[in-house]
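Let me begin by presenting the structure, written as structure tokens, before commenting on it.
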Amino acid sequence: MVFWRKKKNITTQERDEHDERILHRPSDPALEPPTEYDSTIDPDFAQHELCEDEAEILEELDETPVPERSASDAPEDDGEDDHSSEGGWLSRLSAGLSKSTHRMTSGLADIVTKKKLDQEMLDQLEELLIEADLGPKTAARLVEELSKGRFGKDISDEEIREALAQSIAAILAPVAQPLVTQKPASGAGPYVVLVCGVNGVGKTTTIGKLAENLKKMQGLSVMMAAGDTFRAAATEQLQIWAKRTGAPLIAKETGADAAAVAYEAYGQAKEKGADVLLIDTAGRLQNKKNLMEELQKIVRVLKKQDEALPHSVILVLDATMGQNAFSQLETFKEMVDVTGLVVTKLDGSAKGGVLVGLADRFGVPVHAIGVGEGVRDMQPFSADHYARSLLGLGER
Ligand SMILES: Nc1nc2c(ncn2[C@@H]2O[C@H](COP(=O)(O)OP(=O)(O)O)[C@@H](O)[C@H]2O)c(=O)[nH]1
Ligand SMILES: [Mg+2]
């Protein structure tokens, strides 16, 4: 087994390079030259005390307001990627997790070739759990729990799966917390959710799915803010989701100040009495510093209107990234106060175990999981269902 030791005396340059690796995936195309977009904060803005008056904030943002785009401007939705009507809730979870489940159950079947639970079997089991992306600490903990009272005794593949599912469900239970968008007192403005994460993890898609869920399932009125002003395509993509879900979108031109978009969107959502405002953000800026400044500026400008804003900061993590999700959570926690996670792409991934490791190590609430690209391919995160699906077990 390999143990990773944290390197001491790491230089600033090494640290920056490490951060860049986390934030920019190798598959990302090279960054477009930042010709029209300067995301660095105006030094005057950063140093000054924020002013009291709302009009002054707008002035400081130095933005020329442009007309909001509405959902009706969005291009036609071909609905190509909507698998939402296929199967029920649980079968979609099991189908989504099938790659992870297969990895786990076939690995287990190979290990449990004899009857007795001995040290060799425990070691192999620990390795299997590490390979399934649960992380070394969590793997060791699960194996230790399994061996308790069972070591040296006869055990079957089925019993191991049941025991592991139970231990895993116990790790997941405290973090399985749905997003509760409690609208503040009447007239106080919408519940604000800031959605952040690395480029391509599924932020925009998650906003679309969340809007659908909040509107259709909970009957709430939802508005969206196109805070990823880095690329024109980002706003266009959100427009498609706005049209699909019927949630009005507040957007500005490419290169606009994301904090100004958030500010204006909040004002409009408040004026229109919306229940929830979902704010999209850019995941790829020139470097970590720019990304941090942009996110922090959005938060600062929102707080200026109400100290409680944003009510939720959701970090979207892509399950296919495996262990890199751990580093992304650590990095984003340094930038903003992450209040919850949505883990996406569990359908395309054999790395469903990463959620168990994340829960065990960070204890950050997991609001929902993404199991496809369709509007209804997001599910509340249920500890027991997830644990049992992962181990290929049916409902109890
Ligand atoms: N298979 C699958 N694909 C997803 C899921 N969530 C998002 N995607 C896809 O991942 C890609 C990037 O998503 P996007 O929302 O644009 O990511 P963003 O850059 O973080 O906003 C798109 O092609 C999405 O359709 C999911 O849960 N499962
Ligand atoms: Mg996006």
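The values are calculated or read from the model by the stated rules, or taken from the named source; none is laboratory data. The structure displayed is predicted, hence computed values, not measured ones. Please note: Cβ atoms are built from the backbone with ideal geometry, for glycine as well, and neighbour counts cover all protein chains shown.
With the structure loaded, tell me whether GLU253 is modelled with pLDDT of 95 or more, over 21 Å from the mean Cα position of the chain (by Cα) and acidic (Asp, Glu) or whether it fails that test.
Answer is no for this residue.
Would you tally the residues in the range 149-197 being under 30 Å from GLY219 (Cα atoms) and among the hydrophobic types (A, V, I, L, M, F, W, C)?
Number satisfying all stated conditions: 13.
Any idea how many residues of the range 286-309 are of a type in the set (A, V, I, L, M, F, W, C) and within 16 Å of ligand 1 (Cβ to nearest atom)?
Counting residues in the range 286-309 that are of a type in the set (A, V, I, L, M, F, W, C) and within 16 Å of ligand 1 (Cβ to nearest atom) gives 3.
Looking at SER312, SER389, SER382, SER349, which is the one that is surrounded by fewer than 24 Cβ atoms within 10 Å (Cβ to Cβ), small (Gly, Ala, Ser) and within 16 Å of ligand 1 (Cβ to nearest atom)?
Exactly one of SER312, SER389, SER382, SER349 is surrounded by fewer than 24 Cβ atoms within 10 Å (Cβ to Cβ), small (Gly, Ala, Ser) and within 16 Å of ligand 1 (Cβ to nearest atom), namely SER349.
So if I check each of GLU236, GLU212, which one is closer than 23 Å to LYS345 by Cα, in contact (Cβ under 8 Å) with a residue 60 or more places away in the chain and more than 12 Å from ligand 2 (Cβ to nearest atom)?
Only one candidate qualifies: GLU212.
Given the criteria of a type in the set (A, V, I, L, M, F, W, C), within 16 Å of ligand 2 (Cβ to nearest atom) and within 26 Å of VAL366 (Cβ to Cβ), does LEU278 qualify?
Yes; evaluated as a whole, the condition is true for this residue.
Taking the residues in the range 264-285 that are in a loop (DSSP other than H, G, I, E, B) and within 16 Å of ligand 1 (Cβ to nearest atom) as candidates, determine which candidate is nearest to VAL192 (Cα to Cα). Can you show your working first?
Filtering the range 264-285 for residues in a loop (DSSP other than H, G, I, E, B) gives 272-275, 280-285.
Subset that is within 16 Å of ligand 1 (Cβ to nearest atom): 280-285.
Numbers: ASP280: 11, THR281: 13, ALA282: 17, GLY283: 19, ARG284: 22, LEU285: 23 Å.
The residue in question is ASP280.
Got a sec? Which of GLU126, GLU145, GLU159, GLU212 is outside any loop (DSSP other than H, G, I, E, B) and at pLDDT below 95?
So the residue among GLU126, GLU145, GLU159, GLU212 that is outside any loop (DSSP other than H, G, I, E, B) and at pLDDT below 95 is GLU159.
Inside the range 355-364, can you point out the residues that are buried (at least 24 other Cβ atoms within 10 Å of the Cβ), over 22 Å from LYS209 (Cα atoms) and among the hydrophobic types (A, V, I, L, M, F, W, C)?
VAL356, LEU358, ALA359
How do the helices (runs of 4 or more DSSP H) wholly within the range 308-396 filter down when requiring 2 or more residues that are among the aromatic types (Phe, Trp, Tyr) and at pLDDT below 90: which remain?
Per the criteria, no element qualifies.
Of everything in the range 198-252 that's among the aliphatic types (A, V, I, L, M) and surrounded by fewer than 21 Cβ atoms within 10 Å (Cβ to Cβ), which residue is nearest to ligand 1 (Cβ to nearest atom)?
Only one residue fits best here, namely ALA233.
Return yes or no: is GLY255 away from ligand 1 (no atom under 16 Å from the Cβ), in contact with a Phe, Trp or Tyr (Cβ under 6 Å, 6 or more places away or on another chain) and not charged (D, E, K, R)?
The answer is yes for GLY255.
Could you please find all residues in the range 115-138 being among the acidic types (Asp, Glu) and over 15 Å from ALA325 (Cβ atoms)?
ASP118, GLU120, ASP123, GLU126, GLU127, GLU131
Looking only at the range 320-333, decide whether some residue is touching a residue at least 60 places away in the same chain (Cβ under 8 Å) and at positive phi.
Scanning the range 320-333 turns up at least one residue that is touching a residue at least 60 places away in the same chain (Cβ under 8 Å) and at positive phi.
Given the condition more than 16 Å from ligand 1 (Cβ to nearest atom), within 19 Å of the chain's Cα centre (by Cα) and surrounded by fewer than 16 Cβ atoms within 10 Å (Cβ to Cβ), answer yes or no: does some residue in the range 169-176 qualify?
Yes.
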